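The values are calculated or read from the model by the stated rules, or taken from the named source; none is laboratory data. Fair warning: this is a prediction, and the values are worked out from it, not measured in the lab. So basically every Cβ, Gly included, is an ideal-geometry build from the backbone, and we count neighbours across all protein chains shown. Keep in mind that these areas ignore ligands, DNA and RNA; they rest on the heavy atoms of the full protein, side chains included. Shrake-Rupley method; radii C 1.70, N 1.55, O 1.52, S 1.80 Å.
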Amino acid sequence: MRVAVVGAGVIGVTSAFAVKSVFPQFEVHVFADKLSPNTTGEGSAGLWTPYLLGITPYNKISQWAGITHRLLEKFWKAGLASDIGLSLLPMYRVTNNPDGFPDLSWTKLVYGAHKLNSNELKELNSECDANYKHAWMFLTYTCEPIRMLPWLTKRFLEAGGEVRKRKIHTLCELIDDEYDLIINCSGFGARELVGDNAVVSIRGQVVRVTASWIMHGYLEEDDHGNYIIPNIDNVVLGGTHQENDLDCTPRKEDFEFIHNGCCRILPALKSAKIIKDWVGLRPGRYEVRVETEVCRSSNGRQVTIIHNYGHGGSGVTLSWGCALNIVKIIKDMTRLKSNL
């Protein structure tokens, strides 16, 4: 079987590697006009936590995110942390919403999740000059795409896969190229590629600083919240989530919002050396799309397309879970064909 994967970001490369690993006999080719290190994901902090996922059902989020978390744990225990940019760090996840977090299923997947009691919350609010109504502390992973993607791509190529730098304008191009299966991991590009107007850009600006003394992170889960996420070589300060904003140029006002907000949370950041600003467009959608579609080529040949996009700010978090969902779909398809 000849398989084409559209997109070389976290979702695309993870899907391609998973398919090639489980089905080594398949020809698997990745197509993208932007390759590592120029994908959107490689500017992100790679924090494992469900974020910006619209109305995606909680049971799906929990399933996909749980699979990813267990695989990250496996990589951690296998000694691959430095190769794939994997860290384990304590995080505070906080909100000003009196009703708390709408879904707490993620607390069962991370390590040592603990809801702060009133005295602990009062102390945290004093430290951060905040008025949080609810807060959780837990241990979770960061898996930095800037390191993970080159590692995954190398493993994929060693397994016999191919990466081809080419912009795909329509999936019909690949159908006409005689591919038997197309996996659409085009992210925000799906809006144009398959005409899915439900896909929106969620603009994210971050600031990277040198602050080796920061050993734990913060995520304010509010409309105008900030976050602080340590990475291996630096610390990522954020952030913005501006819908339908395609401007990839860092803005002074966003920098000030990010820097001032993060310095409020952790005043020690005021002395941190600023490395750079960065902007990326997350692929937002009211619901993550993982589903099949059957198309016919001009000569009547039937081709299956598996869509896998719309992961918002949770590309790393859902990546392996969605990739193995793709593998299951293919297994079910091939089993069905063999029984016909």
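Quick one: would you say Y92 is farther than 30 Å from A8 by Cβ, touching a residue at least 60 places away in the same chain (Cβ under 8 Å) and of a type outside the set (A, V, I, L, M)? So Y92 fits the description; yes. Take the residues of region 292-321 that are outside any loop (DSSP other than H, G, I, E, B) and under 14 Å from S186 (Cα atoms): which is farthest from the chain's Cα centre (by Cα)? Residue satisfying both the conditions and the ranking: I305.
Considered as a group, the residues in region 174-190 that are farther than 16 Å from T40 by Cα and either small (G, A, S) or surrounded by fewer than 19 Cβ atoms within 10 Å (Cβ to Cβ) (or both) include one that is modelled with the highest pLDDT, and that residue is D180.
For every residue, the table says whether it meets (1) open to solvent by 70 Å² or more (accessible area, probe 1.4 Å); (2) among the β-branched types (V, I, T); (3) at pLDDT below 95; (4) touching a Gly at 6+ places or on another chain (Cβ under 8 Å).
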{"position": "A81", "(1), (2), (3), (4)": "no, no, no, no"}
{"position": "S87", "(1), (2), (3), (4)": "no, no, no, no"}
{"position": "D103", "(1), (2), (3), (4)": "no, no, yes, no"}
{"position": "V110", "(1), (2), (3), (4)": "no, yes, no, no"}
{"position": "L116", "(1), (2), (3), (4)": "no, no, no, no"}
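Could you tell me whether region 285-302 includes any residue that is under 30 Å from A135 (Cβ atoms) and among the hydrophobic types (A, V, I, L, M, F, W, C)? Checking region 285-302: at least one residue is under 30 Å from A135 (Cβ atoms) and among the hydrophobic types (A, V, I, L, M, F, W, C). Taking the criterion of being within 18 Å of the chain's Cα centre (by Cα) and closer than 23 Å to D233 by Cα, the residues of region 90-124 that qualify are M91, R93. Residue count for region 24-40, restricted to those that are hydroxyl-bearing (S, T, Y) and either outside any loop (DSSP other than H, G, I, E, B) or at pLDDT 95 or above (or both): 1.
Kindly evaluate G261 against the criterion of being of a type in the set (G, A, S) and over 30 Å from E178 (Cβ atoms). When the stated conditions are applied, G261 passes them. G43: at pLDDT below 95, open to solvent by less than 50 Å² (accessible area, probe 1.4 Å) and not hydrophobic (A, V, I, L, M, F, W, C), yes or no? When the stated conditions are applied, G43 passes them.
Being touching a residue at least 60 places away in the same chain (Cβ under 8 Å), part of a loop (DSSP other than H, G, I, E, B), open to solvent by 40 Å² or more (accessible area, probe 1.4 Å) and touching a His at 6+ places or on another chain (Cβ under 8 Å): is that true of L52 here? So L52 passes the test. Residues in region 118-171 that are surrounded by 13 or more Cβ atoms within 10 Å (Cβ to Cβ) and of a type in the set (G, A, S): 4 in all. Would it be correct to say that L71 is at pLDDT below 95 and out of contact with any Cys (no Cβ under 7 Å at 6 or more places or on another chain)? Here the answer is no, as L71 does not meet what is asked.
Selection over region 236-278 of residues that are assigned to a strand (DSSP E or B) and either surrounded by fewer than 20 Cβ atoms within 10 Å (Cβ to Cβ) or without any contact (Cβ under 8 Å) to a residue 60 or more places away in the chain (or both) gives a count of 9. Within region 57-82, restricting attention to residues that are within 18 Å of the chain's Cα centre (by Cα) and hydroxyl-bearing (S, T, Y), the residue that is farthest from L139 (Cα to Cα) is Y58. Residues of region 279-302 that are surrounded by fewer than 24 Cβ atoms within 10 Å (Cβ to Cβ), β-branched (V, I, T) and either modelled with pLDDT of 95 or more or closer than 28 Å to N38 by Cβ (or both): V279, V290, T292. Is it true that K60 is among the charged types (D, E, K, R), part of a loop (DSSP other than H, G, I, E, B), in contact (Cβ under 8 Å) with a residue 12 or more places away in the chain and surrounded by fewer than 21 Cβ atoms within 10 Å (Cβ to Cβ)? Here the answer is no, as K60 does not meet what is asked. Quick one: M215 ticks every box in (1) open to solvent by 20 Å² or more (accessible area, probe 1.4 Å); (2) at pLDDT below 95; (3) farther than 30 Å from W76 by Cβ except a single one, so which number is it? If we test M215 against (1) open to solvent by 20 Å² or more (accessible area, probe 1.4 Å); (2) at pLDDT below 95; (3) farther than 30 Å from W76 by Cβ, just (3) comes out false.
Considering G12, G7, the condition of being on the phi > 0 side of the Ramachandran plot and under 17 Å from the mean Cα position of the chain (by Cα) is satisfied by G7 alone. The residues of region 201-235 that are part of a strand (DSSP E or B), in contact with a Pro (Cβ under 8 Å, 6 or more places away or on another chain) and among the hydrophobic types (A, V, I, L, M, F, W, C) amount to a single one, I202. All of V316, V294, V288, V279 fail the test of being hydrophobic (A, V, I, L, M, F, W, C) and within 20 Å of L174 (Cα to Cα), apart from V294.
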